[in-house]
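One structure below.
Only the coordinates and a few stated rules stand behind these numbers; no lab work does. Bear in mind that the values here come from a model prediction, so they are computed numbers and not experimental data. Here the Cβ is made from the backbone with ideal geometry for all residues, glycine too, and neighbour counts use every protein chain on show.
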């Protein structure tokens, strides 16, 4: 299983999250940094019950994460755009 890239945080920035996040009760729009990322782009809710289900279910993969943070941000931004309810 692929491990998260240290200092990446792309999955906490690129996608929108519709469910509440501590500090972001309405979730977050795509492209907005989650308030639960620390300065090193680590999730402060990792392993905690208040972490949104969508975040708990996300698993890193080579396709999603690419070779570096920039590739991950690009891929997740495109995926977010392609799966928006408004098309």
Q. Is there a residue in the stretch 33-47 that is surrounded by fewer than 15 Cβ atoms within 10 Å (Cβ to Cβ) and under 12 Å from residue 11 (Cα atoms)?
A. yes
Q | Within the stretch 50-66, considering residues that are out of contact with any helix residue (DSSP H, G or I) (no Cβ under 8 Å at 6 or more places or on another chain) and surrounded by fewer than 15 Cβ atoms within 10 Å (Cβ to Cβ), the one nearest to residue 22 (Cα to Cα) | A | 50
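Give the stretch 20-34 a look and list any residue that's in a loop (DSSP other than H, G, I, E, B), at negative phi and more than 12 Å from the chain's Cα centre (by Cα), or say none.
Filtering the stretch 20-34 for residues in a loop (DSSP other than H, G, I, E, B) gives 20, 22-23, 25-27, 29-34.
Restricting the remaining residues to those that are at negative phi gives 20, 22, 25-26, 29-30, 32-34.
Those that are in a loop (DSSP other than H, G, I, E, B), at negative phi and more than 12 Å from the chain's Cα centre (by Cα): 20, 22, 25, 26.
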Q. Can you tell which of 27, 47 is within 17 Å of residue 16 (Cβ to Cβ) and out of contact with any helix residue (DSSP H, G or I) (no Cβ under 7 Å at 6 or more places or on another chain)?
A. 27
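Condition (residue is over 24 Å from residue 82 (Cα atoms), in contact (Cβ under 8 Å) with a residue 60 or more places away in the chain and assigned to a loop (DSSP other than H, G, I, E, B)) applied to the stretch 6-19: is it met by at least one residue? I'd like the intermediate steps shown before the answer.
Going through the stretch 6-19, the residues over 24 Å from residue 82 (Cα atoms) turn out to be 6-7.
The next check asks that each one be in contact (Cβ under 8 Å) with a residue 60 or more places away in the chain; those that pass are 7.
Now drop any that are not assigned to a loop (DSSP other than H, G, I, E, B), which leaves 7.
Within the stretch 6-19, one or more residues are over 24 Å from residue 82 (Cα atoms), in contact (Cβ under 8 Å) with a residue 60 or more places away in the chain and assigned to a loop (DSSP other than H, G, I, E, B).
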Q) Is it the case that some residue within the stretch 67-74 is outside any loop (DSSP other than H, G, I, E, B), in contact with a strand residue (DSSP E or B) (Cβ under 9 Å, 6 or more places away or on another chain) and surrounded by 12 or more Cβ atoms within 10 Å (Cβ to Cβ)? A) no
Q. Does the stretch 35-65 hold any residues that are part of a loop (DSSP other than H, G, I, E, B), touching a residue at least 12 places away in the same chain (Cβ under 8 Å) and within 16 Å of residue 5 (Cβ to Cβ), and which are they?
A. 40, 41, 42, 58, 59, 60, 61
